[in-house]
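Undergrad: One structure is given below, represented as structure tokens, and several questions about it will come after.
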Amino acid sequence: MRWQILALAAGCVGLIILALVASGSNPVEVFGKLISGSFGTPANISGTLKETTPLLMLGLGVYLALKAGLFNIGIEGQFIVGAFTCAVIALRVPGPFGMLLGVAGGTVAGAVWALPAGWIRAYRGGHEVITTIMLNNVAALLTTALVAGPFKDPTDESPTTASLAASSQLHPILNQGGLQVSAAILIGTACVFALAWWLRRTVAGYELQAVGANPTAAKFAGVKAPQVILRAMCVSGALGGLAGGLQVLAYDGRFYQGFSPGYGFDALGVALLAGNSPIGLFPSALLFGVLQKGGTSIQFLGVPKGITYVILGFLIVIAATVRYRKVKNHD
Amino acid sequence: MTELLAQLTGGTFMFTLITGAIVFATPYALAAMGGYTSERSGVMNIALEGKMLMSACVTAIVALPTHNALLGVLAGMGSAILLSLFHWLLTQHFQIDQIISGMAINAISFGATNFLAGKFIDQANNQIPILPLWKNPFGQNQPFQITIFMLLAFLLPVLLAYYAARSRGGLRMMAVGSDPEKARLIGVQPRRVRLVALIAAGAFTGLAGAMIVSNAGSFTDNMTAGRGFIALAALIVGGWRPIPSLLACLAFGVFDALQLQLQGTALFGVIVPSPVWQSVPYVVTVIALAGFLGRSRPPAGLGKA
């Protein structure tokens, strides 16, 4: 099987190189631009860190759900709902208290958005992937309707909320020579360590992993699996909402139509590539951050950004062949 | 209110509504049938969206320079079948989790179509030729065109229902999707059955994508815009059965057409924004999955090796 996986990987890499050559680009040049576009200057590094922040937190949310045996594809919707809620609250309530309230509201909104999917999976047996895909679409459509309607900034043409006042934004804690580091990425880092501790050292965390590893065995050991599933889904959603809230306060300063450029999907890849330990989320989120940020730079070489999504897809496929295979092998 | 009622019962309104619903429902139904064959054989297919998108893009790339509609549609179907073969390779040979593989195919397709369209579609030349069709069957003042896609969208579910219930191949497909272990014991090879099912899924989603792009006239980024997920929703609401799924597709099509026509019209004193209308199919599906619309049972072997 090993050489077959290698063949698959080689095929994927070959296909990308072929696509670049066929479209008249130099693959080495494109790859160089991808790296220099994400690490070349302090401003580029700041941009990469900005992209990495939501990916880290959303990846953590997906990772946590995966530990309970759930695929939270809905992290995208939970992120959007959290961001929208936080923006609306922080616009009404000024200052640090408003920010705190906004982040709390976003977190709760994310959890609430994940609730139906968790409940249906836990108590009605409906697959969480399908419900969360549907809820993602509902989240995108409803927030669009809201920012195009009652919460629209009247001075702006496009569907967006007003921008937050400077006093309601999370300013970079480090701002030197173009290098900006936001508190948001530190909060994300803290969340990773906190959840790693929670998974390893608490009863709830242990139960969550037990349900993920073998639901039947967990049930006979006295774990109430439906409750654990519901809890895992809500915590995962809360992380999505928190990431959305921080994204508004630290980076965007407003909520607008098309707020997420597909972070939710990237987050699935982040969690899959992270491996067994939550610490793996850091390099994995950074890799996806590089692809997001560097992908914008390669457009200057006339290479459409889409190629980075192809790379992402192939990376996920290869990671999954190595790690997420079914044990049985018939035929 | 009386104005609205008069408008609703007016001849042109009903005609536009019905024909609009058929146009919207056609790609849903074609893609849903792709979902039907693959899910009934046990392969969860959340990649319908990506396969449609790929087909739409390749149809445009081939049909534009050659001015040949048939060649375009065939190329589009071919590209979706290729993606399906990749899907088969991942889920059956490499035994990857079917959700991961589906999401990955969607991402690859989204990226690849963005790349291909940016590099190989001449934006100035953007009138995609369309397959021969029956123009204005209801006279000149009732503009409506019956395309081959529509006929297929209505025929396929009937044929598939018959195929699944009566033919040897169809029964094998159902057996593999219900219990791959027992199917294996009676000498049916799940992998082979799924290969055929996925090729069929590629062909059907390919047709859906070709229909979308030739209906729009040109390719735009991410132009399927979630239609693959609505098709999946229709399949679920229809309880993984072809004809009920077709009806669900038609119902969702009616919603689309209604939304288009009621845009800006006040309903009971409020203007319902179109995104709210558009989210109805998704909400209905969540309710169906919660089991509130009667028990909808997925194939028992869905996602199994």
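Undergrad: Please find, among A:Ala109, A:Ala65, the residue that is at pLDDT 90 or above, more than 20 Å from A:Ile229 (Cβ to Cβ) and not charged (D, E, K, R).
TA: One residue alone meets the criteria, A:Ala109.
Undergrad: Within the range B:36-46, identify whether any single residue is modelled with pLDDT of 90 or more, at positive phi, within 14 Å of chain A (Cβ to nearest Cβ) and in contact with a helix residue (DSSP H, G or I) (Cβ under 8 Å, 6 or more places away or on another chain), and answer yes or no.
TA: Yes: one or more hits.
Undergrad: Okay, next question. I'm trying to understand the selection: among the residues of the range B:161-185, which are away from chain A (no Cβ under 14 Å) and of a type in the set (A, V, I, L, M, F, W, C)?
TA: B:Ala161, B:Ala164, B:Ala165, B:Leu171, B:Met173, B:Met174, B:Ala175
Undergrad: Sticking with this structure for a sec: Would you check if A:Pro54 is loosely packed, with under 15 Cβ neighbours inside 10 Å and assigned to a helix (DSSP H, G or I)?
TA: Against the criterion (loosely packed, with under 15 Cβ neighbours inside 10 Å and assigned to a helix (DSSP H, G or I)), A:Pro54 does not qualify.
Undergrad: So A:Gly302 clears everything in (1) on the phi < 0 side of the Ramachandran plot; (2) touching a residue at least 12 places away in the same chain (Cβ under 8 Å); (3) within 11 Å of another protein chain (Cβ to nearest Cβ) except one condition, right? Which one?
TA: Among (1) on the phi < 0 side of the Ramachandran plot; (2) touching a residue at least 12 places away in the same chain (Cβ under 8 Å); (3) within 11 Å of another protein chain (Cβ to nearest Cβ), A:Gly302 violates only (1).
Undergrad: A:Ile133: touching a Phe, Trp or Tyr at 6+ places or on another chain (Cβ under 6 Å) and within 14 Å of chain B (Cβ to nearest Cβ), yes or no?
TA: Yes: the conditions hold for A:Ile133.
Undergrad: Looking at (1) part of a helix (DSSP H, G or I); (2) within 19 Å of A:Thr52 (Cα to Cα), which one does A:Ala232 not meet, given that it meets all the others?
TA: (2)
Undergrad: Looking at A:Ala319, is it under 22 Å from A:Trp113 (Cα atoms), buried (at least 17 other Cβ atoms within 10 Å of the Cβ) and within 11 Å of chain B (Cβ to nearest Cβ)?
TA: The answer is no for A:Ala319.
Undergrad: Out of all the residues in the range B:81-101, is one or more touching a Ser or Thr at 6+ places or on another chain (Cβ under 6 Å), touching a residue at least 40 places away in the same chain (Cβ under 8 Å), buried (at least 24 other Cβ atoms within 10 Å of the Cβ) and not in a helix (DSSP H, G or I)?
TA: no
Undergrad: How many residues are in a helix (DSSP H, G or I) and over 14 Å from B:Ala203 (Cα atoms) when one looks only at the range B:56-69?
TA: The number of residues fulfilling the criteria is 9.
Undergrad: Suppose we filter the range B:87-131 for residues that are at pLDDT 90 or above and more than 9 Å from chain A (Cβ to nearest Cβ); how many remain?
TA: Residues flagged as at pLDDT 90 or above and more than 9 Å from chain A (Cβ to nearest Cβ) within the range B:87-131 amount to 3.
Undergrad: Of the residues B:Phe204, B:Phe229, only one is in contact (Cβ under 8 Å) with a residue 24 or more places away in the chain, among the aromatic types (Phe, Trp, Tyr), touching a Leu at 6+ places or on another chain (Cβ under 9 Å) and more than 9 Å from chain A (Cβ to nearest Cβ); which?
TA: So the residue among B:Phe204, B:Phe229 that is in contact (Cβ under 8 Å) with a residue 24 or more places away in the chain, among the aromatic types (Phe, Trp, Tyr), touching a Leu at 6+ places or on another chain (Cβ under 9 Å) and more than 9 Å from chain A (Cβ to nearest Cβ) is B:Phe204.
Undergrad: Tell me which of these B:Ser79 doesn't satisfy, since it passes every other one: (1) more than 8 Å from every other protein chain (Cβ to nearest Cβ); (2) over 20 Å from B:Met223 (Cα atoms); (3) among the polar types (S, T, N, Q).
TA: Here B:Ser79 clears every test but (2).
Undergrad: Let me ask something else. For the range A:179-225: of the residues being small (Gly, Ala, Ser) and outside any helix (DSSP H, G or I), which is surrounded by the most Cβ atoms within 10 Å (Cβ to Cβ)?
TA: A:Ser182
Undergrad: If A:Thr144 passes every condition in (1) more than 9 Å from every other protein chain (Cβ to nearest Cβ); (2) in contact (Cβ under 8 Å) with a residue 12 or more places away in the chain but one, which one does it miss?
TA: Result: A:Thr144 fails condition (1) only.
Undergrad: Further question: Applying the selection to the range A:61-95, what residues are more than 13 Å from chain B (Cβ to nearest Cβ), in contact (Cβ under 8 Å) with a residue 12 or more places away in the chain and not hydrophobic (A, V, I, L, M, F, W, C)?
TA: A:Gly61, A:Tyr63, A:Lys67, A:Gln78, A:Gly82, A:Thr85, A:Pro94, A:Gly95, listed by residue number.
Undergrad: Does A:Ala238 fit the bill of being surrounded by 16 or more Cβ atoms within 10 Å (Cβ to Cβ) and modelled with pLDDT of 95 or more?
TA: Yes, satisfied.
The values are calculated or read from the model by the stated rules, or taken from the named source; none is laboratory data. Source: prediction; values computed, not measured. Reconstructed Cβ throughout: ideal geometry from the backbone, glycine too, with neighbour counts over all protein chains shown.
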